[in-house]
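Everything below concerns the one structure shown next.
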Amino acid sequence: MPMEARPDAMPEGRMAIPAPSRRRLELRADCDRCVALCCVAPAFSASADFAIDKPAGQPCPNLRGDFRCSIHDRLRPRGFAGCAAFDCFGAGQQVTQVTFGGRDWRAHPGLAAPMFAAFAVMRRLHELLWYLNEALALGPADPLRKQLDEAFAATKRMTNSRPDDLVKLDVNAIHERANAVLLRASDQAREHAGRPGPDLRGADLAGKDLRGADLAGASLRGALLIGADLRDADLSFADLTGADLRGADLSGAGLETSLFTSQPQLDSARGDSRTRLPSRLIRPSHWALAG
Ligand code: SF4
């Protein structure tokens, strides 16, 4: 079983919040401190996830002047499920408040292009921070813990880069280097739990009937599970890093000890009140309709 995370040093008499729990809060979108970067910077392609085509750098027509979404409470019925499932892992507020000091692309149109370019890099860096933090939350022993700590600190330093330096970073190479450590963390956690399962990394399981499947301890990193039927499947200690769960049916599935499962993955899937989730994740509100 995963071990308890180390508590941070705190003044005597005060309850310490474990670092991974504190960082989880920091690595979540805080849209009130952002200038709607995800509604402008990326391109949308009309699909099951987006009702419209939108070029990169152009504001979504649903974006209001105050940087709020005018259809936020009805994104799915209006055809914007991709927006409902999106999470920037806190990159939006970092670019807005730290990289650009609270300025916005509307008041300073000259900043628009550099802001959007910085956001694309920052999102990848924050996503990596999220994975490294989840690996640390598994409580790995040294030397792996030290390597994860160092990778987290190095990535964190990069997020404080100036805009010009940020866009020069080779984020693919940075991810690739960190991936080696993350893979070891996954292997160690699954072995420690006594559940090393099948290696299904990158497997194309889209639309497959996996009802009641025993996928305990499986490595499903980057697996395509779009529209897969995973009802009542056992995903205990399965590594779901980057698995594409769009439209997958997780009703009754056991994910409470699954590894690296993210909120956007759940938000893009279907499920019901019987789906067992890690305590750090929230049951998507649209699942109630499918329950
Ligand atoms: S970029 Fe992130 S913080 Fe900004 S509006 Fe989008 S989800 Fe919210």
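The values are calculated or read from the model by the stated rules, or taken from the named source; none is laboratory data. This is a predicted model, so every value here is computed, not measured. Backbone-built Cβ (ideal geometry, glycine too); neighbour counts: all protein chains shown. Note: areas computed on protein heavy atoms with side chains; ligands, DNA, RNA excluded. Shrake-Rupley method; radii C 1.70, N 1.55, O 1.52, S 1.80 Å.
If I filter the range 66-80 for residues that are part of a loop (DSSP other than H, G, I, E, B), more than 8 Å from the ligand (Cβ to nearest atom) and either among the aromatic types (Phe, Trp, Tyr) or in contact with a Gly (Cβ under 8 Å, 6 or more places away or on another chain) (or both), do I get at least one hit? Give the steps one after another, and end with the answer.
Applying the first criterion (part of a loop (DSSP other than H, G, I, E, B)) to the range 66-80 yields 66-68, 70-71, 75-80.
From what's left, more than 8 Å from the ligand (Cβ to nearest atom): 66, 68, 70-71, 75-80.
Remaining after also requiring either among the aromatic types (Phe, Trp, Tyr) or in contact with a Gly (Cβ under 8 Å, 6 or more places away or on another chain) (or both): 80.
So far as the range 66-80 goes, yes, one or more of its residues are part of a loop (DSSP other than H, G, I, E, B), more than 8 Å from the ligand (Cβ to nearest atom) and either among the aromatic types (Phe, Trp, Tyr) or in contact with a Gly (Cβ under 8 Å, 6 or more places away or on another chain) (or both).
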Would you tally the residues in the range 81-98 being at pLDDT 95 or above, in a helix (DSSP H, G or I) and either touching a helix residue (DSSP H, G or I) at 6+ places or on another chain (Cβ under 7 Å) or near the ligand (Cβ under 8 Å from one of its atoms) (or both)?
7
Helices (runs of 4 or more DSSP H) (entirely within the range 140-212) containing at least 2 residues that are surrounded by 14 or more Cβ atoms within 10 Å (Cβ to Cβ) and within 20 Å of the chain's Cα centre (by Cα):
144-159, 171-192
Any residue that is modelled with pLDDT of 90 or more and part of a loop (DSSP other than H, G, I, E, B) - is there at least one of those in the range 9-26?
no
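Among the basic types (Lys, Arg) and within 17 Å of GLY222 (Cα to Cα): does that describe ARG157? So that I can check it myself, show each step before the final result.
Details: among the basic types (Lys, Arg): yes; within 17 Å of GLY222 (Cα to Cα): no.
It is false that ARG157 is among the basic types (Lys, Arg) and within 17 Å of GLY222 (Cα to Cα).
So for the range 111-126 (the condition being open to solvent by 40 Å² or more (accessible area, probe 1.4 Å), closer than 30 Å to ARG190 by Cβ and either of a type in the set (A, V, I, L, M) or more than 12 Å from the ligand (Cβ to nearest atom) (or both)), does at least one residue qualify?
Here is the first cut: in the range 111-126, the ones open to solvent by 40 Å² or more (accessible area, probe 1.4 Å) are 113-114, 117, 120, 123-124.
Pick out the ones that are also closer than 30 Å to ARG190 by Cβ and you get 123-124.
Subset that is either of a type in the set (A, V, I, L, M) or more than 12 Å from the ligand (Cβ to nearest atom) (or both): 124.
Yes.
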Taking the range 214-261 on its own, how many of its residues are part of a strand (DSSP E or B) and either touching a helix residue (DSSP H, G or I) at 6+ places or on another chain (Cβ under 6 Å) or within 15 Å of LEU281 (Cα to Cα) (or both)?
3
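This table checks each residue for (1) over 23 Å from ALA137 (Cα atoms); (2) open to solvent by less than 30 Å² (accessible area, probe 1.4 Å); (3) of a type in the set (D, E, K, R).
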| site | (1), (2), (3) |
| --- | --- |
| ALA228 | yes, yes, no |
| ALA243 | no, yes, no |
| SER251 | yes, yes, no |
| GLU256 | no, no, yes |
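Hey, can you tell me all the residues within the range 34-51 that are away from the ligand (no atom under 16 Å from the Cβ) and surrounded by 14 or more Cβ atoms within 10 Å (Cβ to Cβ)? Even if it seems obvious, please write down each step before you answer.
Of the residues in the range 34-51, the ones away from the ligand (no atom under 16 Å from the Cβ) are 45-48, 51.
Within the range 34-51, just ALA51 meets the criteria.
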Considering the range 72-104 alone, what residues qualify as being aliphatic (A, V, I, L, M) and open to solvent by 70 Å² or more (accessible area, probe 1.4 Å)?
VAL98
